[in-house]
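The structure under discussion appears below in the form of structure tokens.
The values are calculated or read from the model by the stated rules, or taken from the named source; none is laboratory data. Source: prediction; values computed, not measured. When we count neighbours, we look across all protein chains shown, and the Cβ atoms used for this are built from the backbone with ideal geometry, even at glycine. Remember, those area values only see protein heavy atoms, side chains included, never the ligands or the DNA or RNA. Shrake-Rupley method; radii C 1.70, N 1.55, O 1.52, S 1.80 Å.
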Amino acid sequence: MGKLRAAQYACSLLGHALQRHGARPELQKQIRQLEGHLSLGRKLLRLGNSADALESAKRAVHLSDVVLRFCITVSHLNRALYFACDNVLWAGKSGLAPRVDQEKWAQRSFRYYLFSLIMNLSRDAYEIRLLMEQESSACSRRLKGSGGGVPGGIETGGLGGPGTPGGGLPQLALKLRLQVLLLARVLRGHPPLLLDVVRNACDLFIPLDKLGLWRCGPGIVGLCGLVSSILSILTLIYPWLRLKP
């Protein structure tokens, strides 16, 4: 499935590149047809994915963390609805249901897909915040244990208190820099979370473009879809890279 998705978005990216470089119309048409066949093949292979997504939602309901339970459950429910719409689209394109309004069902499908990705990114943001708080607390304990102070005097006002002219802006800049460094450290130490953030962020461009909320163009959509597909394949090859639960 991941290889088909990667091939489909590779065709999308290739088609955009050929169009920009003025390739022969026949070649562009062949690439578009191949992309359409790959898309239809993926829809056929996803006929049972709605049931799998519902089962995943049932398992997520029992998670102890309230935020994770909400984000993951709602994400899986939206994925189930997305796959259901995808099944209707497949029935229409394959000729089983020729009266299906393709545009209407495609828009529904991408809306559910977008909601699912928003929930996934919300879950990622929540896990990042928890890990940053844990890392910050661990750093504070290490500094206290070694007798050191807080870097840059953030807590003690070493960069200038409220009454010091111009002291607020440098202090804010340093706090922001430390937060960015802390974020980079957390993501570097948790590859599955980093991979999930990048994959969801790449996927987000696809429904945004298809729904007309943010026109990215076929080149960006194809590139983001290809990167996301490659990352998904990596999680299949190396299961430890899959974010749990």
* To do: Report the one residue of Leu130, Leu68, Leu194 whose Cα lies farthest in the direction of the positive end of the charge dipole of the chain (charges on C-beta: Lys and Arg +1, Asp and Glu -1; origin at the Cα centre).
  => Leu194
* Proximal aspartates and glutamates relative to Lys144, as straight alpha-carbon distance under 16 Å, when same-chain residues fewer than 8 apart are discounted -> Glu135, Glu155
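Compute, for the chain, the length of the dipole vector about the Cα centre, with Cβ point charges of +1 (Lys, Arg) and -1 (Asp, Glu) only. Units Debye, rounded to 20.
On the way: 32 positive and 16 negative charges, 66 e Å.
My answer is approximately 320 debye.
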* Structure fact -> Which of Ser50, Ser229, Ser64 fluctuates most in a GNM of the chain (C-alpha springs under 10 Å)? That residue is Ser64
* Over the chain: helical MRE at 222 nm, DSSP H runs n ≥ 4 each giving -39500 (n - 2.57), nearest 500 -> -27000 deg cm²/dmol
* Counting other Cβ atoms within 10 Å of each Cβ, which trypsin sites (Lys or Arg not before Pro) in segment 67-116 have at most 10 and sit in a DSSP loop? -> Arg99
* **Tilt relative to the chain, helix 2-20 - C-alpha long axis, 0 to 90 degrees, to 10** => 80 degrees
* Go through the chain and flag any cysteine with no other cysteine's C-beta closer than 4.7 Å, please. => Cys11, Cys71, Cys85, Cys139, Cys216
* Keeping every protein chain in place, order Val100, Val227, Val186 by accessible area at 1.4 Å, biggest value first, i.e. largest first. => Val227, Val100, Val186
* **Accessible carbon and sulfur surface of the chain relative to its total accessible area, %, 1.4 Å** => 64 percent
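What pairs from Lys43/Lys210; Lys29/Lys93; Lys58/Lys210 go past 27 Å between their alpha carbons? Working shown, then result.
Details: Lys43/Lys210 17 Å; Lys29/Lys93 18 Å; Lys58/Lys210 30 Å.
Going by Cα-Cα distance, Lys58/Lys210 fall outside the 27 Å limit.
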* To do: Could you work out the relative contact order of the chain, using alpha carbon pairs under 8 angstrom and six or more residues apart, expressed as a whole percent?
  => 24 percent
